[in-house]
1. Between Tyr36 and Glu155, what FRET efficiency follows from the Cβ-Cβ distance if R0 is 45 Å, with the result rounded to 0.05?
2. For labels at Glu185 and Lys232 in the simple 7 Å Cα→Cβ model, what's the distance in nm?
3. Tell me, what is the FRET efficiency for Lys141 and Glu88 to the nearest 0.05, using R0 = 25 angstrom and their Cβ-Cβ distance as r?
4. Let me check against my output: what whole-number percent is the relative contact order of segment 87-156, with C-alpha pairs under 8 Å and at least 6 apart?
5. Using a/c under 1.5 as the rounded threshold, could you call segment 38-149 rounded, prolate or oblate? The axes a ≥ b ≥ c are square roots of the C-alpha gyration tensor eigenvalues, and prolate needs a/b larger than b/c, oblate otherwise.
6. What is the extension gain from Leu220 to Thr112, computed as 0.36 nm multiplied by their sequence separation minus the C-alpha to C-alpha distance, in nm to one decimal?
7. Rounded if a/c is under 1.5, else prolate if a/b beats b/c, else oblate: with a ≥ b ≥ c from the C-alpha gyration tensor eigenvalues square-rooted, which is segment 98-179?
Amino acid sequence: MMQPPLSLYAASSSPSMNRAIAIIGKEELSILPNNYEQEVVIVGGGVAGAFLAKILQDHAHITLIDPKEYFEIPWACLRAMVEPAVAERIVVNHRDYFKKGDLVTSSAVTITETEVFTEDGTQVPYDYLVIATGHTEPVPKTRDERINQFKEENEKIKSAKSILIVGGGPTGVELAGEIAVDFPEKKSKNVEVKLEQSVDLNSVSEGRKPLSSAWLRETLLKDDLDGDGRIKVDENLRVKGRNNIFAIGDITDFQKSSKECLHRVRLKWLQRI
Ligand SMILES: Cc1cc2nc3c(=O)[nH]c(=O)nc-3n(C[C@H](O)[C@H](O)[C@H](O)COP(=O)(O)OP(=O)(O)OC[C@H]3O[C@@H](n4cnc5c(N)ncnc54)[C@H](O)[C@@H]3O)c2cc1C
């Protein structure tokens with residue numbers, strides 16, 4: 001049995017987590033008959049989609065579509081780079097928490113009124129569709145490959161004489177802190193903060209991952225995307241004007257947050273994973 005990923009309860013007040021739970025908090029489950037004849041397709045196995053799949057698998061037949069075989073906890077990834085043992089706990093195969101439904105390991109490429117089509121040619125019919133594709137970046141397909149990637153990053157950090165972190169946003173600052181904690185000798189040798197500087201980022205990777213909604217631009221939802229590529233939803237997380245299509249997580253334009261919802265999502269992760 002896999003150890004619970006403890007860092008889940010350290011989640012800060014992410015609106016996406018609130019959004020994920022909102023669909024349950026608002027008792028949207030009541031729209032789903034409590035039987036397995038209804039096909040609910042969740043596209044995206046990140047924080048929001050994985051959580052929803054875990055909860056809904058006891059209420060309906062779920063198909064989870066994600067290009068990778070695992071869920072990972074994004075906010076623990078920087079720690080996993082400096083302490084690879086953490087990766088073993090934060091990268092969880094979808095099948096370890098999602099045992100009842102179908103898993104399609106491929107990217108969704110388009111949708112119709114009744115089906116989702118994936119890159120590997122799978123056609124998945126749905127009664128209810130939930131889009132949870134959040135952000136995207138190229139990551140390996142299997143858990144072992146992902147864990148090895150963290151080990152490789154760790155080797156690079158260990159062997160580096162100096163490390164340049166470009167960007168003083170939350171990710172850059174957090175990574176600098178993680179490295180300083182685990183490699184104090186690097187810190188004591190040379191820590192330099194250059195203020196009021198900028199670099200040409202064309203050849204440098206961005207800390208912020210791009211939203212994954214480009215695949216919807218030629219679909220029936222093309223007019224439901226805002227200028228940033230977020231899906232416009234109503235207060236019940238339904239795509240406006242559609243009864244059976246929902247969106248949750250960072251992919252939505254939903255901005256509400258509630259401490260109560262966050263508290264509940266933390267508890268649910270703790271109790272169930
Ligand atoms: C370094 C870092 C630190 C963070 N720290 C915190 C924190 O401390 N607290 C906090 O609450 N939040 C934090 N966040 C933000 C948090 O991770 C996001 O808000 C959250 O991951 C959003 O969840 P999501 O499910 O909407 O999207 P994601 O978690 O981005 O998941 C999207 C999923 O969709 C899949 N996908 C993408 N495109 C497709 C497609 N076409 N077909 C099928 N699947 C697809 C992806 O593979 C992925 O599994 C942090 C993020 C980062 C990167």
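No lab work stands behind these numbers, since they all come straight from the coordinates. Note that this is a predicted model, so its numbers are computed, not measured. Heads up, the Cβs are rebuilt from the backbone with ideal geometry, glycines too, and the neighbour counts pull from every protein chain shown.
1. Details: r = 46 Å, r/R0 = 1.03.
That pair, Tyr36 with Glu155, gives E of 0.45.
2. It is 5.8 nm.
3. Numbers: r = 18 Å, r/R0 = 0.71.
Result of the calculation: an efficiency of 0.90.
4. On the way: 42 pairs, mean separation 18.4, N = 70.
For segment 87-156, the relative contact order is 26 percent.
5. prolate
6. Values: separation 108, 0.36 × 108 = 38.88 nm, distance 0.66 nm.
Taking 0.36 nm per residue and subtracting the Cα distance, the gain is 38.2 nm.
7. Numbers: a/c = 3.34, a/b = 2.33, b/c = 1.44.
In terms of gyration-tensor shape, prolate.
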